[in-house]
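Here is the structure we will look at.
The values are calculated or read from the model by the stated rules, or taken from the named source; none is laboratory data. Remember, predicted model here, so these are calculated numbers, not experimental data. For neighbour counting, all protein chains shown are included, and Cβ atoms are generated from backbone atoms with ideal geometry for every residue, glycine included.
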Amino acid sequence: MKRPLCLAALLITALVYLYLELSGSENLVDVSNTGDGRSLQIVGIVDRKEFRVDYLGEVSPVIYIIPIGINDLGNNKYIQCYMSKEDYKEPAIGQYVKVAGTQKSFEPGRNPGEFDSRLYYSTLKIAYRIKNAKILAVTGKKDTIKEGLYQIKYQLESVLDKSLSSEDASIMKAIILGDKAFMDEETKSLYKDAGIIHIMAVSGLHISILGMGLYKLLRRLRIPLIPATILPIAFMFAYGQMCGMSASSVRAIVMFGVRLMAPVLGRTYDLLSALSLVEIMLLIEQPLYLYNSGFLFSFGAVVAIGFVMPAIKSFIPNAEAEKMKFSDDKESVFKTMAYKYIGSALLVSISILLVTIPVYMSFYYVYPIYSIILNLFILPLMPPLMLLGIICMLLGSFLGSLGLIPGVMIHVILRSFSLLCKVVGTFPGGKWYMGNAPKWKIVLYVAALIMFSVLTMNQKFSKYKATITASYLSVLFLLIINPVPDLKITAIDVGQGDGILIRTRTEALLIDGGSTDKNQVGKYTIIPYLQHEGVGKLDAAIVTHEDEDHISGIFEIMDDMEKGGISIKNLILPDVGSSSRGSNYRMLEERARELHIPVSYISCGQGLAFNDMKLTCLNPVKDMTTDGANAYSTVLFMEYENFTALFTGDVEEEGQAHIMKDVRANSDKLSHINLLKVAHHGSRYTSDEEFLKALRPGIALISCGEGNSYGHPHRELIERLDAVGARIYRTDKSGAITVIVNNNRVYVDEFLAPL
């Protein structure tokens, strides 16, 4: 049998995936958060150290401890300690420490598309975090090798700091030493949005330059095969250890070791067999890697090059003999080389895209289209950039200021990267909002891609090539098509605030988007949810009133729009008197003007007509003057076929009394509504008994923060809703709540299992 390791890896991967899906990955993510906020002391061995950006945005020292005498870590191994800078004395790796601090557990995502820190850190076998940690005692001997590598790493980083600007140094630390702690968020976002963030991963490129470069040098120096093989492998293992041994670096280093050992053992190196060996090793050690995007991207790229690309290449006619080339025909040779490079690079990019589409649709939901072109310019510059970085560190370490010389070229290359990313970011249609794909589609697609690659390369099936290709393309089409139900209303869990997305088959609009207890709720919650849904354009963003818990995320969406992200086609504000328009209201208007977003104003009696639904405004009265923003909250009555809903913002007694007049006058429409977005997060002063009895809502959505200090929703309000027979759904208990209307049937989905 050819490539038995490949078959074994495929079977093991399938079995691990089935186990995780059937038993629930939470079985391996097994640490309770009941200890959150408690003070504790632990004793353990320092396994590694680094610097990271803490929750305040400051760079802090972090140590990872393997605790002693703690048996409730589940499948995890480490405790991450963010150290207090006060009187901090750094312990050595390998020493025993006693640490005191405050426990902080990692939280699961509360919305589709939101980062699941609990799963991510469990993949790294980190049980929980200790904040503001202090070392009470240190004892024992250090691990000389690990501590030595750590000291070398930060000595090299200090050389980069002296030889380069702070911005250039932070990028080079990430590229060469795998340390992203010092990169600013703007640069990270720029590289991520442009699709070149992969250059920060320690992987195959580093191996080809450092490991293979050392091996070739030793062989040229006529060093015998065995020591010339062992030394580069040991060097690359030490390098990987110094840079953190991520899944991508482990994959590259082990494959490099197999590549060098093959001739020593008299065997032929096979790319896919070596990859399969590493995958088996990593999945046995940590099955949760199947839920880690870095692992999937790293392995997917190699599968694309070694397995899928040959199948695609078989469709390209051999053009080598189309034109005779002469050795002195310099222009022809240059053109041939250019065409060959571009063609090869595009083929690699397309192959990687076809393999990693499921990864994008499971973790990121957006594909930067122009990254295929951008990488044609970026990747050829990476080897010289890395070599310049290495020269800079060597010169700076031994000859001081001479490290500034290669720093000039490093600056030029990095500035060209930023410029290219910014230029590409201005191109229209630069992002493909793929959205999320259900798991059954992903499994079907992976199976279809494997069958396509295997059968296409098998001569026995050559006459069926067109049929095989058509079958694969049909499954690809099924994967990327993201059908929307007739109507989909989601109360996004923004914490203490409001954010509601309404989608039909043709439109998407957002009612509010803000929070007072979630930091950067737009960036980390609302935008990821919109991307998860494949929403790259909001037909309207409706702001009910200007309180922070309703607008903070709207500003962040606008900032994202300015960088080529999700666009807002119309901003709709309540049409109130000038004296009622506070500073936030004015800032929204000004920001919309800067981004050329049309601003509309709405008041009582006006309607918003969309293709599939109608929204009628019940509050505020035009030019309303009031001291508080809640009173003029926009209230919208929605009609979609036989489904009705009322969205009430933070309307209180004054506005509610006005709405009751409409309810009485239009009882045929406004009684027995299907859905009520309960006003003001479930405050006791809203949605009184008369109001609820008139509406008789079937479903009541309450958006409020978990454990909020206001006591929302209040017990009296819950009792009133129960009395009218409403089914109550709360974001503090269920996370995001989605109401789906399809074929005149109504479904409610809670993202988190109800408590």
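Of the strands (runs of 3 or more DSSP E) lying entirely inside the stretch 12-95, those containing at least 1 residues that are surrounded by 12 or more Cβ atoms within 10 Å (Cβ to Cβ) and modelled with pLDDT under 80 are 39-53. When Ile66, Ile135, Ile93 are checked against the criterion of being under 30 Å from Phe237 (Cβ atoms) and in contact with a helix residue (DSSP H, G or I) (Cβ under 6 Å, 6 or more places away or on another chain), a single residue qualifies: Ile93.
Residues of the stretch 191-206 include none that is surrounded by fewer than 16 Cβ atoms within 10 Å (Cβ to Cβ) and modelled with pLDDT under 95.
The residues on offer are Thr144, Thr102, Thr123, and the sole one that is over 32 Å from the mean Cα position of the chain (by Cα) and on the phi < 0 side of the Ramachandran plot is Thr144.
Would you call Tyr88 in contact with a Lys or Arg (Cβ under 9 Å, 6 or more places away or on another chain), under 22 Å from Leu119 (Cβ atoms) and in contact (Cβ under 8 Å) with a residue 12 or more places away in the chain? Taking the combined requirement at face value, the residue does not satisfy it.
This table checks each residue for (1) within 23 Å of Ile357 (Cβ to Cβ); (2) assigned to a helix (DSSP H, G or I); (3) at pLDDT below 95.
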residue: Pro263; (1), (2), (3): no, yes, yes
residue: Thr268; (1), (2), (3): no, no, yes
residue: Ser276; (1), (2), (3): yes, yes, no
residue: Val302; (1), (2), (3): yes, yes, yes
residue: Gly306; (1), (2), (3): yes, yes, yes
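The combined condition, being without any contact (Cβ under 8 Å) to a residue 12 or more places away in the chain and either in contact with a Pro (Cβ under 6 Å, 6 or more places away or on another chain) or outside the structural domain of Arg110 (by TED's automatic domain parsing) (or both), is fulfilled by Arg745.
Of everything in the stretch 361-375, what is closer than 23 Å to Gly109 by Cβ and surrounded by fewer than 21 Cβ atoms within 10 Å (Cβ to Cβ)? Give them in sequence order. Once the filter is applied, which keeps residues that are closer than 23 Å to Gly109 by Cβ and surrounded by fewer than 21 Cβ atoms within 10 Å (Cβ to Cβ), the stretch 361-375 yields Ser362, Phe363, Tyr364, Tyr367.
The residues in the stretch 437-452 that are within 20 Å of the chain's Cα centre (by Cα), of a type in the set (A, V, I, L, M, F, W, C) and assigned to a helix (DSSP H, G or I) can be counted, and the count is 1. The single residue among Lys141, Lys125, Lys131, Lys162 that is more than 18 Å from Lys49 (Cβ to Cβ), surrounded by fewer than 19 Cβ atoms within 10 Å (Cβ to Cβ) and of a type in the set (Lys, Arg) turns out to be Lys162.
For every residue, the table says whether it meets (1) assigned to a loop (DSSP other than H, G, I, E, B); (2) surrounded by 13 or more Cβ atoms within 10 Å (Cβ to Cβ).
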residue: Pro713; (1), (2): yes, yes
residue: Glu719; (1), (2): no, no
residue: Gly725; (1), (2): yes, no
residue: Tyr747; (1), (2): no, no
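One residue stands out in the stretch 221-257 among those that are assigned to a helix (DSSP H, G or I) and out of contact with any helix residue (DSSP H, G or I) (no Cβ under 8 Å at 6 or more places or on another chain): the one that is surrounded by the fewest Cβ atoms within 10 Å (Cβ to Cβ), namely Ala234. Count of the stretch 116-130 residues, restricted to those that are assigned to a strand (DSSP E or B), in contact with a Ser or Thr (Cβ under 8 Å, 6 or more places away or on another chain) and of a type in the set (A, V, I, L, M, F, W, C), is 1. Could you list, in sequence order, all residues of the stretch 504-520 that are part of a strand (DSSP E or B) and either acidic (Asp, Glu) or closer than 24 Å to Asn708 by Cα (or both)? Leu510, Ile511 - these are the residues of the stretch 504-520 that are part of a strand (DSSP E or B) and either acidic (Asp, Glu) or closer than 24 Å to Asn708 by Cα (or both). Taking the stretch 482-504 as the range and being more than 16 Å from Lys733 (Cα to Cα) and among the β-branched types (Val, Ile, Thr) as the test, the residues that pass are Val484, Ile489, Ile500, Ile502, Thr504.
Leu501 satisfies every condition listed in (1) touching a Ser or Thr at 6+ places or on another chain (Cβ under 7 Å); (2) part of a loop (DSSP other than H, G, I, E, B) except (2). For the stretch 438-470, filtering for residues that are of a type in the set (A, V, I, L, M), under 20 Å from Met361 (Cβ atoms) and in contact with a Pro (Cβ under 7 Å, 6 or more places away or on another chain) leaves 2. Looking only at residues that are polar (S, T, N, Q) and within 25 Å of the chain's Cα centre (by Cα) in the stretch 727-745, which one is surrounded by the most Cβ atoms within 10 Å (Cβ to Cβ)? Only one residue fits best here, namely Thr731.
Yes/no matrix, rows are residues, columns are (1) outside the structural domain of Lys733 (by TED's automatic domain parsing); (2) closer than 17 Å to Ile602 by Cα; (3) polar (S, T, N, Q); (4) in a helix (DSSP H, G or I):
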position	(1), (2), (3), (4)
Gly655	no, yes, no, yes
Leu676	no, no, no, no
Leu692	no, no, no, yes
Ala700	no, no, no, no
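If the condition is being under 24 Å from the mean Cα position of the chain (by Cα) and among the hydrophobic types (A, V, I, L, M, F, W, C), then the stretch 340-354 contributes Val348, Ile350, Ile352, Leu353, Leu354. Residue-level check: of (1) touching a residue at least 12 places away in the same chain (Cβ under 8 Å); (2) over 22 Å from Arg415 (Cβ atoms), Lys216 misses just (1).
Every condition in (1) at pLDDT below 95; (2) over 19 Å from Val521 (Cα atoms); (3) in the same structural domain as Thr544 (by TED's automatic domain parsing); (4) not β-branched (Val, Ile, Thr) is met by Arg727 except one, and the failing one is (1).
Condition check ((1) surrounded by fewer than 17 Cβ atoms within 10 Å (Cβ to Cβ); (2) at pLDDT 95 or above; (3) out of contact with any helix residue (DSSP H, G or I) (no Cβ under 7 Å at 6 or more places or on another chain); (4) within 20 Å of His198 (Cα to Cα)) across all residues:
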{"position": "Pro383", "(1), (2), (3), (4)": "yes, no, no, yes"}
{"position": "Gly396", "(1), (2), (3), (4)": "no, no, no, no"}
{"position": "Leu402", "(1), (2), (3), (4)": "yes, no, no, no"}
{"position": "His411", "(1), (2), (3), (4)": "yes, yes, no, yes"}
{"position": "Cys421", "(1), (2), (3), (4)": "no, no, no, yes"}
{"position": "Val446", "(1), (2), (3), (4)": "no, yes, no, no"}
{"position": "Lys463", "(1), (2), (3), (4)": "yes, no, yes, no"}
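Evaluating Asp54 against the criteria (1) over 23 Å from the mean Cα position of the chain (by Cα); (2) closer than 29 Å to Met393 by Cβ leaves one unmet condition, (1). Exactly one residue out of Lys523, Lys537 is touching a residue at least 24 places away in the same chain (Cβ under 8 Å) and over 22 Å from Tyr191 (Cβ atoms), and it is Lys537. Counting only residues that are in contact with a helix residue (DSSP H, G or I) (Cβ under 7 Å, 6 or more places away or on another chain) and either surrounded by fewer than 19 Cβ atoms within 10 Å (Cβ to Cβ) or not assigned by TED's automatic domain parsing to the domain that holds Pro528 (or both), the stretch 555-571 holds 3 of them.
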